[in-house]
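The values are calculated or read from the model by the stated rules, or taken from the named source; none is laboratory data. Keep in mind it's a predicted model, so treat the numbers as computed, not measured. For neighbour counting, all protein chains shown are included, and Cβ atoms are generated from backbone atoms with ideal geometry for every residue, glycine included.
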Amino acid sequence: MPAAVVLFGSIFMVASEYLEGRQLDFWQSLEWASETLTTTGYGAYAPWTHPLMIVFVILTQFVGMFFLVLVFPFYVMPYIEERFEVRLPHVLPEMLGSVLFYRYGPAIEALLDEFQRTATPFVVFEEDMELARNLRNRGYDVVFGKLDEEPEVLSGVEQARAVVANADDHGNAICILIARERGFKGPIYALAGDPLYRPPMLQVGASEVFTPSHVLAAALAARASRRISPPAEGMHLLGSQVGLAEFRVRASSPLAGKRLGDLQLRVRHGVTVIGQWSCGSFHSASGPDTRIEAGAILVVVGAQANLAKVERLALPIRRRGPIVLAGYGDVGRKFVEMLHDAGETAIVIDREAVAGVDVVGNVLELATMEQARVREASAVVLALSNDSEGVFATAVLRDRAPDAPLIVRANRAQNIPRLYQAGADFALSVGQVAGQILAYHLRGEQAVAVEHRLKFIRVAAGQLAGGHPWRDRVNERTGAAVVAVEHRGKVFVEFDDAFMVDPDDTVFVCGTPGALEQYLREFATTLVDTRRV
């Protein structure tokens with residue numbers, strides 16, 4: 001900029017003398033040049049008449065605009081920002097007791113938020129500068145560098161409590177090797193994209209290698225198919241006398257918004273409500289004050305004839321028909337593989353015509369949905385790679401196939417509430433799956449099941465002896481429910497007011513594993529040997 005002022009000022013001084021016939025000294029010329037280049041103007045000084053002089057003045061003005069519009073934003077301002085902003089560290093801080101995460105991504109997003117909330121020390125090693133700056137602005141301890149070019153940046157990793165490799169498979173291998181070369185003896189957990197790379201990663205030093213995308217596919221398959229994950233374990237104990245059914249509670253249903261105590265389903269229809277699925281979570285019925293939510297999936301146990309009566313009050317969940325999958329990526333392929341192994345029929349929708357795709361097209365298009373028989377599906381699964389598209393597709397499919405269970409895969413855990421708002425029955429992200437796996441290993445937390453599974457057990461009468469199966473506040477006290485009693489050689493699933501449990505009766509109880517454990521403690525009873533059944 002000083003050179004431009006001197007150059008144009010000198011030219012202006014010479015041109016004024018020979019073209020305008022006016023003599024200006026050097027300082028006046030510099031003043032003119034600076035006013036022009038900075039676009040501050042000259043006040044009333046504009047005496048030029050010669051065309052060449054005018055052209056020169058105009059050219060100088062444009063050069064000034066060039067400096068202002070281009071040079072400052074692209075060169076000066078970034079330089080100033082770099083000088084004044086806090087520089088990203090290129091070496092690891094004190095790592096004693098901290099967990100090192102190599103590369104940031106959706107798989108560890110939810111876990112890092114939990115670490116930050118609980119003040120658990122961690123450091124993120126990131127190779128993308130813009131992402132590293134964003135993470136630092138969120139309050140994370142971040143180290144920036146290129147691990148394959150600067151392996152010395154991991155100096156000090158030997159003091160870390162654990163290392164989590166979350167890059168691509170090749171990057172993970174480099175991280176594992178360098179950490180071991182630096183003398184790190186602790187556990188290294190790697191999140192792999194391809195299970196084929198699990199043995200090599202273990203060979204170079206990983207303690208455990210997980211494939212969250214495949215765990216996610218298994219969780220989605222368990223929700224879509226009863227052959228993969230039965231709705232309740234131990235139903236064979238009751239044979240055909242008791243069934244379990246799921247009903248979607250429509251907004252117009254007489255059940256919607258009502259309390260169980262007001263509905264009296266046991267008294268009027270002889271069925272027991274175990275709980276309801278709402279926003280992907282199972283909520284056990286906790287007594288007469290439990291309110292049935294519109295749109296929830298109600299889980300009911302009772303005699304087959306009695307279950308048929310409840311079908312008139314709510315919309316039954318169809319369990320026949322193909323399972324429709326939209327999205328044939330890594331998660332979709334593993335999902336279909338599991339369905340085929342279980343003998344299920346799957347119709348696959350994808351935009352690309354590759355092997356394994358049955359319908360080529362956009363799942364949002366009416367023709368594609370009709371060709372895939374979405375309305376006839378026993379379940380619709382969205383395994384799309386884009387969460388925005390997934391939210392919109394959820395809303396469209398809920399309108400198009402209101403009766404079918406809608407199961408959705410997400411990339412980011414933050415989008416799960418949006419999917420439920422759009423109409424999903426069950427939604428899960430790879431971050432939730434990876435977070436549960438890593439939390440178990442890093443924090444010593446009990447592994448969290450993807451969903452609660454119901455279970456039937458046979459128990460001795462215990463402290464229920466002398467009481468009534470439906471009037472001893474079993475549900476309120478434990479969250480479980482008595483569904484049948486083997487009484488004097490016969491199995492009863494409905495009980496009149498005079499019915500009383502004898503000390504030698506066998507009681508059939510249904511609930512989640514936690515509720516059943518609470519029942520065993522609350523009523524001081526034990527399991528009956530089921531091998532005799």
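For the subset of the range 475-490 comprising residues that are of a type outside the set (D, E) and out of contact with any helix residue (DSSP H, G or I) (no Cβ under 7 Å at 6 or more places or on another chain), which member is nearest to G514 (Cα to Cα)? Spell out the reasoning first.
Residues of the range 475-490 of a type outside the set (D, E): 475, 477-485, 487-490.
Of the ones still in play, those that are also out of contact with any helix residue (DSSP H, G or I) (no Cβ under 7 Å at 6 or more places or on another chain) are 475, 483, 485, 487-490.
Working: N475: 13, V483: 17, V485: 21, H487: 26, R488: 30, G489: 30, K490: 29 Å.
Residue satisfying both the conditions and the ranking: N475.
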Considering every residue within the range 198-208, establish whether at least one is surrounded by 16 or more Cβ atoms within 10 Å (Cβ to Cβ) and over 29 Å from V91 (Cβ atoms).
yes
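Just give me the residues in the range 462-500 being more than 45 Å from the chain's Cα centre (by Cα) and crowded, with 18+ Cβ neighbours inside 10 Å, in sequence order. First the steps, then the outcome.
From the range 462-500, those more than 45 Å from the chain's Cα centre (by Cα) are 465-467, 487-490, 496-500; that's our starting set.
Within the range 462-500, just H487 meets the criteria.
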With respect to L100, is the statement that it is in a helix (DSSP H, G or I) and modelled with pLDDT of 90 or more true?
no
Residue in the range 343-399 that is farthest from Q414 (Cα to Cα), counting only those that are surrounded by fewer than 17 Cβ atoms within 10 Å (Cβ to Cβ) and either among the basic types (K, R) or not assigned by TED's automatic domain parsing to the domain that holds G332 (or both)
R373
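Quick check: is even one residue across the range 426-435 of a type in the set (V, I, T), in contact with a Lys or Arg (Cβ under 9 Å, 6 or more places away or on another chain) and either without any contact (Cβ under 8 Å) to a residue 24 or more places away in the chain or over 30 Å from L527 (Cα atoms) (or both)?
yes
Can you find a residue in the range 192-210 that is at pLDDT below 85 and in contact with a strand residue (DSSP E or B) (Cβ under 9 Å, 6 or more places away or on another chain)?
Within the range 192-210, the subset at pLDDT below 85 is 193-195.
Now drop any that are not in contact with a strand residue (DSSP E or B) (Cβ under 9 Å, 6 or more places away or on another chain), which leaves 195.
Checking the range 192-210: at least one residue is at pLDDT below 85 and in contact with a strand residue (DSSP E or B) (Cβ under 9 Å, 6 or more places away or on another chain).
In the range 419-435, which residue that is more than 11 Å from the chain's Cα centre (by Cα) and surrounded by fewer than 24 Cβ atoms within 10 Å (Cβ to Cβ) is nearest to V324 (Cα to Cα)?
Ranking the candidates gives G423 first.
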How many residues, within the range 259-272, are surrounded by 15 or more Cβ atoms within 10 Å (Cβ to Cβ) and either free of Cβ contacts under 8 Å to residues at least 40 places away in the same chain or polar (S, T, N, Q) (or both)?
4
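Counting only residues that are loosely packed, with under 15 Cβ neighbours inside 10 Å and not aromatic (F, W, Y), which one in the range 12-21 is nearest to T60 (Cα to Cα)? Reasoning before the result, please.
Of all residues in the range 12-21, those loosely packed, with under 15 Cβ neighbours inside 10 Å come to 14, 17-18, 21.
After this cut, where a residue has to be not aromatic (F, W, Y) as well, the list is 14, 17, 21.
Details: V14: 15, E17: 18, G21: 20 Å.
This residue is V14.
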Hits in the range 402-431 (condition: of a type in the set (A, V, I, L, M) and in a strand (DSSP E or B))
L406, I407, V408, A410, A427, L428
Can you tell me which of (1) part of a helix (DSSP H, G or I); (2) surrounded by 15 or more Cβ atoms within 10 Å (Cβ to Cβ); (3) modelled with pLDDT under 85 is the one L24 doesn't meet?
(1)
Residue, farthest from the chain's Cα centre (by Cα), within the range 168-194, restricted to residues that are under 18 Å from E126 (Cα atoms) and part of a loop (DSSP other than H, G, I, E, B):
D168
Only residues that are within 22 Å of R226 (Cα to Cα), in contact with an Asp or Glu (Cβ under 7 Å, 6 or more places away or on another chain) and not aromatic (F, W, Y): list them for the range 323-360, please.
I323, G327, I347, V348
Quick one: in the range 116-133, of everything that is at pLDDT below 90 and outside any loop (DSSP other than H, G, I, E, B), which residue is farthest from L96 (Cα to Cα)?
E130
Answer yes or no as to whether V509 is part of a strand (DSSP E or B) and surrounded by fewer than 19 Cβ atoms within 10 Å (Cβ to Cβ).
no
For residues that are assigned to a loop (DSSP other than H, G, I, E, B) and loosely packed, with under 15 Cβ neighbours inside 10 Å, tally how many sit in the range 142-167.
5
